[in-house]
Amino acid sequence: MKKSHSTFLPEDKFAWVYLVNLIFYFLPMFIAPMSKLDIVWSFVALALFLPLYFKLFSCKSSQAVIPLSLMFVLAVVITPINAGSLAFFSYVAFYAGFHFSLKRAAGIWGVQVLTIGLLNWYFFPNFFFIAWGSVLTLGIGVIGITNRHQQEKLKMKQQSNQEIKTLATIVERERIARDLHDVMGHCLSSITLKAELASKLIDNQHYDLAQKHLNELAEISRENLSQLRQTVSNYKHKGLETTVTELCQRLRDKDMQVKLDGELPTALSATQESHTCLILTELTNNMLKYSQATECQFQFEQNNDSSIVSINENQSLTSIKEGNGLKGIRERIEDIGGKFEYQLSPELSFTIQLPLKDKNND
């Protein structure tokens, strides 16, 4: 089964940059005299070339045959008019190497070199066209293969990272299930046995002994409730740590430098921590969508009365429009009795202040 290689992302901002090679398409217009009609046809060919180029730039390999064939035909047709068609042939060579296997690409390159040789024989008095065309075909074709391998390695790396995250999630779920089983399994078994025994003692009118077992049952319940709360508390703190780690990685994936200062707060209630995770996620999403910053800093401070979380960006703004995101953040902060502030200059900064007096309110 043949692989269908993915190509560049359609939104790749460098799509236009790669067209710089078209400079060679225009050189014959300045080197050798061309009629106005030939120049017009050259620009018509260019207008037909560009949609094919962008199609090959963004399509899957399984969809590349038709646009690549049309680009090849276009290069052949325009050659008698404009020897700069070698630029078109170079793109054919590149995309053949990028989209197809080495064997298939080599076949295309061979046909292309043979075609360039025939065109040279019919239309040009020297061997420059075939010589330079062969060099371009093989050289740029190899670049296409190299680029494809780089893309495949990147895709495999991304897939590997995703698999690691998935495995980590599975391991974490198994750990939670095991911990809850260890905490609750013995507890519930003991409660069941004590309840059944107390019921039988009551039926046999041994009320004092039944009362003793009921008291023990209540004590077991309290102890295990405390253990359960401690277990959930441990998960709670890991949740904020995981959230901050993931948000930092998302920013780094966008080539932003991220710095962490201070230690994560450990005295937040479950509600406070949940709200903090959601607020940091919202602010990070806004940064990814709208920010022009190249560096940001997550800063954590804690004193006797409050916990302070700040996000600082190396950019300044003259004004900011509070949309649903910032309004939602204010509402969340108000729900837990905290404060939300931001400053626009000299650096954009968002600050969340959470009172620690509510740390026992779950």
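Where a number appears in this text, it was derived from the coordinates with a stated rule and is not lab data. This is a predicted model, so every value here is computed, not measured.
Pick from K55, K321, K200: which is most flexible by mean-square fluctuation in a GNM of the chain where alpha carbon atoms under 10 Å apart are linked? Of the options given, K321 has the highest mean-square fluctuation.
Let me make sure I get this right: for the range 17-160, a, b and c are the square roots of the gyration tensor eigenvalues over alpha carbons, sorted descending. Under 1.5 in a/c it's rounded, otherwise prolate if a/b > b/c, else oblate. Which is it? Cα axes put the range 17-160 in the prolate bin. Compared with the dominant principal axis of the Cα atoms in the chain, helix 102-123 is inclined by about 20°. Relative contact order of the range 17-160: 24 percent, from C-alpha pairs under 8 Å at least 6 residues apart in sequence. Helical runs assigned H by DSSP (4 residues or longer) give the chain a calculated mean residue ellipticity at 222 nm of -23500 deg cm²/dmol, each run adding -39500 (n - 2.57) before division by the residue total. Helix 270-290 and the longest principal axis of the Cα set of the chain meet at an angle near 10°. Fully extending the segment from A32 to Q63, taken as 0.36 nm per residue of separation minus the present Cα-Cα distance, adds 7.4 nm. The percentage of C-alpha pairs in the chain whose separation is greater than 31 Å is 62%. Its relative contact order, with pairs defined as Cα atoms under 8 Å and 6+ residues apart, puts the chain at 10 percent. Straightening the chain between V40 and D208 buys 49.6 nm, computed as 0.36 nm per residue apart minus the Cα-Cα spacing. How would you classify the range 206-358 from its alpha-carbon gyration tensor, with a ≥ b ≥ c the square roots of the eigenvalues: rounded for a/c under 1.5, else prolate if a/b is greater than b/c, otherwise oblate? Judged from the Cα gyration tensor, the range 206-358 comes out prolate (a/c at least 1.5, a/b above b/c). Relative to the current alpha-carbon distance between A131 and A195, full extension at 0.36 nm per residue lengthens the span by 13.6 nm. Considering only L280, L167, L197, the Gaussian network model of the chain with Cα springs below 10 Å gives its largest mean-square fluctuation to L197. Say we join alpha carbon atoms closer than 10 Å with springs in a Gaussian network model of the chain; which of P265, P33, P67 then has the biggest fluctuation? Ranking P265, P33, P67 by mean-square fluctuation puts P33 first.
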